[in-house]
Amino acid sequence: MFAAPFEYHRPKSIDEAIKLLREVKGARLLAGGHSLLPAMKLRLASPAALVDIGRIAELSGIKSTKDGLQIGALTTHTAIADSDAIRKSCPVLAETAGHIGDQQVRNRGTIGGSVAHADPGADYPTVLLLLGARFTAVGGKGQREIPAEEFFVDLFTTSLKPGELLTSVTIPATSSGAAAVYLKHRHPASSFAVAGVAALVAVKAGKCADVRIAIGGVTARAVRAAAAEKALAGQAPNEANIARAAAAVADALSEPLSDTYASGEFRVHLATVLTKRALTEAAGKAR
Ligand code: FAD
């Protein structure tokens, strides 16, 4: 399949990109192209113009700041998987990036493109929701920060406004003694998560001082499993308590997605099994 004809622009700065988004009718940002170009070839998307931000150097890179790790929107999955700073301070994110798609996808795909696309089966949204990430966007009206809970709105829908460009993702430091794990049941063709579970556990004096669980792939957007978190908080992370908490994840998974590969019921079952495993692994690492 061939994409419909489109104009092509390659700005050299963020300001120039925003100006193009404002002035060129039907313009859409292009980052790694690994979600947008397939959609254009299938004619699921036919933007009149592409604004290719791939050469804007200030959008790439990883920095440790007082607010936490700051990752430029154009940073590739490979750069995240290989980053010493991320492996040291946020290993779960490096491991997640290392299991996205295949090497070609990881070399071209970007964190900004992935979160802006908001595919329900994408891996970053689940982990970034777990970690309490914040997204920085700039547009005609200036810069704003969006917390992860408000960023992912629905299937392929974020709270980014028309004309806004995501510049970076900031991940606050997690409490000392906490460990996080992300596990997914991957689709055999693409590696997208049919169900993906991220769990964070901090253990103090043998009890769970902090418990966070985020589930992706099952519903239209990644969600926190509040009832399951509450069931384990303050409890010893033993097999019985973890099983009880995992059984409560279904509470957060109303209207599960269903397709020819996996029914909604199967997705919820996978999320329950993966939660049990992820909590057990995270608690083991946290001790
Ligand atoms: P693009 O395709 O360039 O853009 C995607 C969308 O985001 C477009 O609407 C674009 O306008 C918008 N956009 C891009 N950058 C910005 C920005 N800075 N600000 C605002 N909007 C922006 N993903 C997973 O999570 N897990 C997987 O296992 C997985 N497997 C894959 C397997 C294959 C074969 C393929 C082709 C893709 C797979 N992906 C997977 C998706 C992959 O991670 C994509 O790279 C990612 O979803 C999109 O990133 P991109 O940089 O390619 O964005």
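Evaluated against (1) open to solvent by 50 Å² or more (accessible area, probe 1.4 Å); (2) more than 24 Å from V105 (Cα to Cα); (3) within 13 Å of the ligand (Cβ to nearest atom), G26 falls short on exactly one condition, (1). Output yes when any residue across the stretch 53-71 is of a type in the set (S, T, Y) and under 20 Å from T157 (Cβ atoms), and no when none is. Looking for residues that are of a type in the set (S, T, Y) and under 20 Å from T157 (Cβ atoms), one finds none in the stretch 53-71, hence no. For the stretch 253-282, a residue qualifies if it is closer than 16 Å to A214 by Cβ and open to solvent by less than 40 Å² (accessible area, probe 1.4 Å), and the qualifying residues are L253, R267, V268, L270, A271, T272, L274, T275, A278, L279, A282. Quick check on A250: is it open to solvent by 20 Å² or more (accessible area, probe 1.4 Å), within 21 Å of E150 (Cβ to Cβ), of a type outside the set (D, E) and more than 18 Å from the chain's Cα centre (by Cα)? In short, no. Of the candidates A214, A198, the single residue that is in contact with a Phe, Trp or Tyr (Cβ under 7 Å, 6 or more places away or on another chain) and open to solvent by less than 10 Å² (accessible area, probe 1.4 Å) is A198.
Could you check, for the stretch 190-201, whether at least one of its residues is more than 18 Å from H117 (Cβ to Cβ), part of a loop (DSSP other than H, G, I, E, B) and within 15 Å of the ligand (Cβ to nearest atom)? No.
The set of residues in the stretch 202-234 that are within 16 Å of the ligand (Cβ to nearest atom) and either closer than 14 Å to G132 by Cβ or assigned to a helix (DSSP H, G or I) (or both) comprises A214, A222. Quick check, is V115 more than 9 Å from the ligand (Cβ to nearest atom), of a type outside the set (G, A, S) and in contact (Cβ under 8 Å) with a residue 40 or more places away in the chain? It is false that V115 is more than 9 Å from the ligand (Cβ to nearest atom), of a type outside the set (G, A, S) and in contact (Cβ under 8 Å) with a residue 40 or more places away in the chain. Scanning the stretch 181-195 for residues that are more than 17 Å from I242 (Cβ to Cβ) and open to solvent by 10 Å² or more (accessible area, probe 1.4 Å) yields a total of 9.
The values are calculated or read from the model by the stated rules, or taken from the named source; none is laboratory data. All of these numbers come straight from a predicted model, not from anything done at the bench. Every residue, glycine among them, receives a Cβ derived from its backbone with ideal geometry; neighbour counts consider all protein chains shown. Remember, those area values only see protein heavy atoms, side chains included, never the ligands or the DNA or RNA. Shrake-Rupley method; radii C 1.70, N 1.55, O 1.52, S 1.80 Å.
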